[in-house]
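Comments concern the structure below.
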Amino acid sequence: MPRATARFASLLRNLVHKQRVDRELEEELGTAVELLVEEKVRSGMPADAARRAARLELGSVESLKGQVQEARAGARVDALFQDVRYALRSLVRAPGFTAVVVVTLALGIGANTAIFSILNAVLLRPLPFPEPDRLVRLFHVPPQATFPGMKRFSLSPANFFDWQRDARAFEGMALYGGRAFTLTGQGEPRAIVAAAVGAGFFDILRARPAQGRVFRADEDAPAARVVVVSHGFWKTRLGGAADVLERSLKLSGESYRVVGVMPEAFSLGSWFPTSREIWVPLALSDADRAVRENHNNQAIARLAPGATLAQGLSELEVISKRLEQEHPQENAGWGATVVSLQDVIVGDVRPTLVLLLAAVGLVLLVACANVGNLLFARAIGRRKELATRAALGAGRARVFQQLLIESLVLACAGGAAGVLLAYASLRAFAVLLAGQVPRADEVTMDPRVLGFALGASILTGVLAGALPAFRAGRTELTDALREGGRGGAALGIRTRRLLVVCEVALSVVLLMGAAVMLRSLLALRTVDAGFDSSGVLTLEVFLPEARYSTPARRTAFFDEALQRLRALPGVTAAGAIDDLPLMGGSVQPIVVEGRPELLPRDQPTVQVRALTPGYLRAMSIPLLHGRDVEAADVDVMLVSRGAAKLLWGEADPIGQRVTLPLVSRKLARRIVGIVADVKQDGVAERAQPTVYTYTRERSSAGLTLVARTSLPPSSLATAAVSAIRALDPEQPVENVRTMVEVRDALLSSERFSALLLGLFAALALALASVGIYSVLSYIVRGRSREIGIRSALGAQRRDVVRMVLREGMTPALAGIASGALAALLASVSLERLVFGVSASDPLTLAAVAALLALVALLASLVPAYRAARVAPATALRD
Amino acid sequence: MTARRAALLQGTLDLLILKALAAGELHGLGVSRRIEQITGGTFVVQPGSLFPALHRLEEAGWLAADWQPSENNRRAKYYTLTKAGRRQLGEEQAAWNQVALAIARALEA
């Protein structure tokens with residue numbers, strides 16, 4: 001394309017060296033004046049008159065310069081717009097074709113843009129804090145023998161303060177955690193979980209309050225009763241009061257002075273301490289600060305300027321090694337790790353989002369193949385016109401360029417429509433993603449997303465357009481003209497078949513991915529977690545310390561609340577537990593009485609839950625041996641089958657006594673029963689050894705009540721809440737959900753990816769069937785003469801149908817075979833994301849292949865039927 | 001036919017410039033003199049039309065330019081036909097012949 005390169009070069013010249021071009025033009029015109037003068041002098045004019053005449057002839061150099069520049073710019077714009085105009089004109093003349101292509105591309109590019117805008121907000125956009133790449137989280141690495149596979153563990157305060165004192169690679173470190181309060185005096189009583197933050201927390205984030213101040217270092221002490229509130233809390237709960245800094249909040253019966261209001265931008269929903277409505281000082285007592293064996297705190301840190309994450313890590317590792325030696329009893333086997341804050345927040349969803357982007361990219365490829373197919377058919381249909389243009393001096397390169405610009409124009413129109421589509425779907429995504437994908441509330445279209453859409457459009461245009469443009473550009477004029485008006489049957493059939501093969505293969509990969517994700521979701525939904533979630537209502541109650549200060553009072557409240565629940569119509573059993581199954585909870589070392597206490601590294605650990613009588617029946621957790629706890633029991637324990645096996649092997653544990661050293665080394669509990677295993681940490685995890693404790697009149701402050709009912713559990717919700725309210729009108733009841741809802745909420749991200757993958761696969765399938773249909777129709781049209789001759793020579797309709805079907809099914813089957821192969825290769829990357837099914841499950845793959853074969857057959861039937869109806873005479877006459 | 005009226009025939013100027021350069025490189029004024037010469041003085045191209053046209057054709061990739069000393073030893077911008085320009089000349093020539101033939105036939109009829 002010498003023309004294009006020359007134009008490009010001159011464009012660059014003009015852009016880069018505008019001044020030089022200007023100078024050159026001046027010189028060129030100056031020389032022209034001199035030459036003109038000399039000419040006139042030679043022909044006998046006196047020098048003065050010659051100069052005047054020359055000036056007159058040339059006119060004003062300035063205005064000439066203007067004219068020249070205008071001509072240049074005009075030529076540049078003309079050349080570009082000529083092609084675009086031509087493309088637009090010829091596309092408008094084929095509105096059906098244009099509409100199909102634009103819609104196809106809009107779906108493909110729109111879906112890609114939407115997924116990319118999520119990926120952009122979640123993975124690419126830095127956290128909204130100054131210098132976010134220096135922000136890290138600090139964790140313990142627990143002993144692997146007791147916590148197999150666990151790489152990040154909460155911190156113990158004493159260890160943290162040792163790290164803080166000795167590490168140099170960090171500018172600052174701060175502890176934080178959650179603290180539950182009951183907020184009263186602001187309308188309905190409400191349970192509120194504050195972030196309790198250690199000194200330096202806000203400084204590390206570089207977060208400034210919008211009003212007032214954050215905590216002073218001396219306020220990180222038990223006596224301080226100060227609180228910082230969020231922008232949202234100030235606006236809605238305090239009515240945006242101007243005198244907010246003179247107000248106090250009643251938190252669990254105590255008055256906390258409001259000292260500051262954080263700006264709206266600080267409320268980052270996807271990270272616990274920033275998503276809070278209120279913040280209070282962590283305020284550990286001296287005794288709390290000295291605790292080394294209990295790991296309940298989180299820590300944030302900022303790396304010192306110039307320090308790397310690796311430096312910070314190696315420093316903490318050295319300190320941890322030293323602490324292991326200094327405090328072997330508590331610290332043996334406990335290491336340290338440093339993870340960037342961004343990674344902690346979004347690391348878990350990265351594989352899912354990358355998978356979705358890959359899947360939606362495949363959809364775009366299928367769309368490309370389809371559009372390529374259509375463009376190809378169109379180019380073949382126009383080959384006479386194109387060949388004539390090429391022969392008339394446009395040149396093949398020029399025709400190629402023209403066709404490519406046409407496909408780029410189409411792609412850009414599709415891209416623009418796709419961006420609108422993606423923009424419209426962002427709200428739906430925000431709703432769908434809320435609370436499941438971190439930073440989902442920040443999903444917006446920004447310049448990067450628009451750039452991505454533009455890039456995707458251009459790439460699509462080139463991908464879809466290059467092959468047809470190349471093939472059409474090669475058509476010889478003589479061939480094109482010789483074939484005359486007859487629809488040259490076999491032109492480019494091979495290329496188009498190849499496109500069908502690709503489409504089908506890509507669809508197989510996508511369908512396989514979607515099918516495997518769906519099966520995984522079904523497996524997760526139906527997996528036996530050890531209890532029966534149907535017919536169960538759950539309610540969370542947290543009793544504030546101020547009004548329920550003694551265990552006896554708390555027990556009295558819960559006993560009465562459970563009595564009232566049991567009295568409700570339809571309720572067959574009710575009980576309570578501190579943490580519901582699947583939700584995680586306390587994990588503690590356990591010591592069997594009479595056996596020596598081991599180092600923490602070697603101690604067996606178990607999930608520890610506190611329950612009340614009635615809980616097992618409400619959840620339908622089978623009692624395998626011994627008895628359930630009873631109301632009057634003191635210091636008794638139930639063990640799961642797994643825990644019994646872990647601690648006693650085949651021996652009978654009933655009557656044995658154990659201690660939980662983190663709670664008390666002195667308090668021994670008697671085992672009264674063995675219950676079935678229950679999954680505590682999530683449906684995809686295996687059931688872990690669990691013990692359930694119970695002591696009369698020792699209820700903890702926060703319990704989840706569960707009631708089994710013969711009626712639909714959600715219909716019981718209102719009655720259950722008012723039953724508890726009647727007991728104490730100031731007591732909040734939170735998270736009233738059925739157990740099925742609790743379970744489903746845990747699977748929302750799996751449901752989200754299965755849903756999207758299914759959508760993408762369906763889209764690909766539809767596109768592929770349209771592709772098969774259009775290619776086959778084209779072939780049948782092209783071969784109608786041959787078909788007519790065949791039927792005239794006695795071929796049966798059956799034979800004709802069979803011939804056309806074979807024509808359609810051959811590339812489809814080739815596509816299915818290669819797609820199956822590709823799906824098997826791709827399954828490696830999926831394996832980590834699926835549960836209860838192999839990503840290369842042969843049965844699923846067979847079903848996917850069968851489905852595609854069926855769709856291909858259906859797409860072939862209409863053209864085959866049409867071919868069978870070709871009347872021999874008509875075909876021959878044409 | 002006067003020069004002014006001849007310039008009204010759109011496209012002719014481009015054809016004449018391309019033709020003038022077909023024999024070899026020329027600077028702007030040279031192109032003008034050459035057109036005068038090959039048309040037997042029928043066309044006199046004014047600088048106001050000539051220079052914009054030269055630059056437009058250069059922009060379109062039909063002409064290439066470089067700087068050389070002129071006959072009076074000043075730096076002058078010399079234009080040559082590119083390959084595309086040569087092809088364009090052929091096309092315009094063919095088109096022109098067709099038009100000319102058609103007009104001639106029409107006038108004879």
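Each reported figure results from applying straightforward, stated rules to the coordinates on display, with no laboratory input. Worth saying up front: this structure is predicted, and the values here are computed from it rather than measured. Backbone-built Cβ (ideal geometry, glycine too); neighbour counts: all protein chains shown.
This model, with +1 at the C-beta of Lys and Arg and -1 at the C-beta of Asp and Glu, gives chain A a dipole about its Cα centre of some 3700 debye.
Measure nothing fancy, just the Cα-based angle from helix A:717-727's long axis to the longest principal axis of chain A, in degrees from 0 to 90, nearest 10. It is inclined by approximately 40 degrees. With θ taken as phi - 60° and the Karplus curve 6.51 cos²θ - 1.76 cosθ + 1.60 applied, the whole-hertz 3J(HN,Hα) list for region A:526-542 is 9, 4, 7, 8, x, 9, 9, 7, 6, x, 10, 9, 10, 9, 9, 10, 10 Hz, x standing for glycine and proline.
Couplings 3J(HN,Hα) for region A:603-611, derived from phi with the Karplus relation 6.51 cos²θ - 1.76 cosθ + 1.60 (θ = phi - 60°), are 6, x, 10, 9, 6, 10, 10, 10, 10 Hz, where x marks Gly and Pro. In this calculation the C-beta distance from A:Leu80 to B:Ser49 is compared with R0 = 25 Å, giving a FRET efficiency of 0.55.
Here's how it looks for A:Ala299: its modeled amide H is under 5 Å from those of A:Leu138, A:Tyr176, which are all 5 or more places away or on a different chain.
Could you state the angle between the C-alpha long axis of helix A:447-474 and the longest principal axis of the C-alpha atoms of chain A, as a value from 0 to 90 degrees rounded to the nearest 10? Compared with the principal axis, the helix lies near 40 degrees. The length gained on full extension between A:Arg665 and A:Arg52, counted as 0.36 nm times the residue separation minus their Cα-Cα distance, comes to 209.2 nm. Considering only A:Leu175, A:Phe233, A:Val291, the residue lying farthest towards the positive end of the dipole of region A:154-333 is A:Phe233, judged by Cα position with unit charges set on Cβ. Of all the Cα-Cα pairs you can form in chain A, what percent are over 48 Å apart? Roughly 44 percent, rounded to a whole number.
Suppose R0 equals 51 Å; then what is the FRET efficiency for A:Leu854 and A:Ser620 from their Cβ-Cβ distance, rounded to the nearest 0.05? With a Förster radius of 51 Å, E is 0.75. For the pair region A:633-657 and region A:253-320, the centres of their Cα atoms are 38 angstrom apart. Taking other residues whose beta carbon is less than 14 angstrom from the beta carbon of A:Pro351, and scoring Lys, Arg as +1 and Asp, Glu as -1, yields -2.
With a threshold of 21 Å on the Cα-Cα distance, the over-threshold entries among A:Lys151/A:Lys645; A:Lys151/A:Lys321; A:Lys384/B:Lys83; B:Lys19/B:Lys83; A:Lys151/A:Lys666 are A:Lys151/A:Lys645; A:Lys384/B:Lys83; A:Lys151/A:Lys666. Gain on full extension, evaluated as 0.36 nm per residue between A:Leu759 and A:Ser534 minus their Cα-Cα distance, stands at 78.1 nm. Helix content alone sets the calculated 222 nm mean residue ellipticity of chain A: runs of n ≥ 4 DSSP H residues at -39500 (n - 2.57) each, divided across all residues, give -18000 deg cm²/dmol. Full extension of the segment from A:Leu450 to A:Thr810, taken as 0.36 nm per residue of separation minus the current Cα-Cα distance, would add 125.6 nm. Here A:Glu597 and A:Arg289 are evaluated by their C-beta separation; at R0 = 30 Å the FRET efficiency comes out at 0.75. Span-like helix check, chain B: qualifying full DSSP H segments, with Cα axial length of 27 Å or more and mean Kyte-Doolittle of -1.0 or more, are B:83-108.
For region A:743-836, the equivalent ellipsoid built from the Cα gyration tensor has semi-axes of 43, 14, 10 Å, listed from largest to smallest. Nearest 10 degrees is fine. How inclined is helix A:797-830 to the longest principal axis of chain A, computing both from alpha carbons? Between the helix axis and the principal axis of chain A, the angle is about 50 degrees.
Note: relative contact order over chain A, using C-alpha pairs below 8 Å and six or more positions apart, is 15 percent.
The phi-based Karplus calculation (6.51 cos²θ - 1.76 cosθ + 1.60; θ = phi - 60°) puts the 3J(HN,Hα) values of region A:711-716 at 8, x, x, 5, 6, 8 Hz, whole numbers, x for Gly and Pro. When +1 charges are put on Lys and Arg Cβ atoms and -1 charges on Asp and Glu Cβ atoms, the dipole computed for region A:790-874 relative to its Cα centre reaches about 520 debye. Annotation: amide H-H contacts under 5 Å for B:Thr82 (H modelled 1.01 Å from N, sequence separation of 5 or more, or interchain): B:Leu63, B:Ala64.
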